[in-house]
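Okay, so here's the structure we're looking at.
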Amino acid sequence: MGRVFVAGSINMDVVATAGRHPRVGETVAGTAVHYFPGGKGANQAVAAAKLGASTTLIGRLGTDAFGLQLRAFLAAQGVNLDFVTDSAEAHSGTAIITLADADNTIVVVPGANALVSAEDVSTPALAKGDVAVSQFEIPQPTIAAFFTRARAAGATTILNPAPAAMFGTGLLDLVDILVLNETELGFLTGLELRDSDEPAKFAGAARSLRRSPSQIICVTLGKRGVLAIGDGDASLIAGRAVKAVDTTGAGDCFVGALAAQLAEGHTIPEALNYANAAASICVQRMGAAPSMPTSAEVAAVLRD
Ligand code: RIB
């Protein structure tokens, strides 16, 4: 059985809930404030660990109160933190989130996440069958160094290019599975894509990004499910009808679950179906990392 290695961000999410989002320049009264562990890297690692994968997170925290709380939370979720270091030069990553009607806006201040270096990813020993995961809340040269090592070891690489940022073909060539949402796909392809567009339009856009016959692109479409584009026809795994209360971290849940399943040796279609079910649980709970489901919860959804 393979293991999951996530090189990525760790944030404290400061979440304000309100009846609606403020417009630019406007102040609205909120209803509550929460401090939830988050960060795309940490969320993906927690999802994989709670779903049973041996999971190691590579990242950085500040030497502040958030750093201590985040470390304690991640350890309690079963994530191996041997490669999470503390940096006195920067604060722990912090995300300011506004949540209204289950939809969020996020401003993320990287702090220590911006210091995660190629040296940080040079020590963990990856092997064939492992899965290496990253996202765009740590520097891109670090991700390239991580994936180069992963590829050399025979591990599978998964990139979640979020938040959306341009990147070169050098990095894309190191990616086995690219997981992105429609906004990120639109950004990277320069196409105007809308929620309501036909799956074929997303599939065409995704195909234009593919760099090799073996590369797989997964486009997460929120409640519509996920579209997988490989060598053959695109396949759509339909979303599950649930009442969402907070979609923060749902994409991360999907990525972490996908990685955990692939590390366990499941096929891509099996892993996608499983990850889709996991994400449907995540959106029904508040918070990012705390809303990741267990394998028993996903199994119950898949039995329904
Ligand atoms: O993907 C959700 C995450 O994005 C949040 O947990 C927040 O920290 C931001 O990084």
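Just so it is clear, none of the values below were taken in a lab; they were calculated from the coordinates. Keep in mind that this is a model prediction, so the values were computed, not measured. Don't worry about glycine lacking a Cβ; one is built from the backbone with ideal geometry, like all the others, and counts go over all protein chains shown.
Miscellaneous remarks
- Considering only alpha-carbon pairs that sit under 8 angstrom and 6 or more positions apart, the relative contact order computed for the chain is 19 percent.
- Tyr35, Tyr274 arranged by Cβ crowding within 10 Å, fewest neighbours leading: Tyr35, Tyr274
- Set of lysines with alpha-carbon distance to Lys201 below 20 Å, sequence-local pairs under 8 removed: Lys223
- Packing around the peptides 257-264, 235-242, taken as the average count of other Cβ atoms within 10 Å per residue, puts them in this order, highest first: 257-264, 235-242.
- Förster radius 22 Å - calculated FRET efficiency between Ala32 and Val109 (Cβ-Cβ, nearest 0.05): 0.55
- Listed by Cβ neighbour count within 10 Å, with the fewest neighbours leading, Val14, Val33, Val121 appear as Val33, Val14, Val121.
- For region 153-273, average projected area of the Cα convex hull in nm²: 7.8 nm²
- Taking N as its residue count, the alpha carbon Rg of the chain over 2.2 N^0.38 Å: 0.93
- Straight-line reach from Lys50: taking Cα to Cα under 19 Å and skipping same-chain neighbours fewer than 8 places apart, the lysines in range are Lys40.
- Ordering Asp176, Asp13, Asp103 from the fewest to the most neighbouring beta carbons within 10 Å gives Asp103, Asp176, Asp13.
- Residue ranges 275-288, 181-194 sort as 275-288, 181-194 when ordered by packing (mean number of other C-beta atoms within 10 Å per residue, highest first).
- Antiparallel DSSP beta bridges within the chain, as percent of all bridges there, nearest 5: 40 percent
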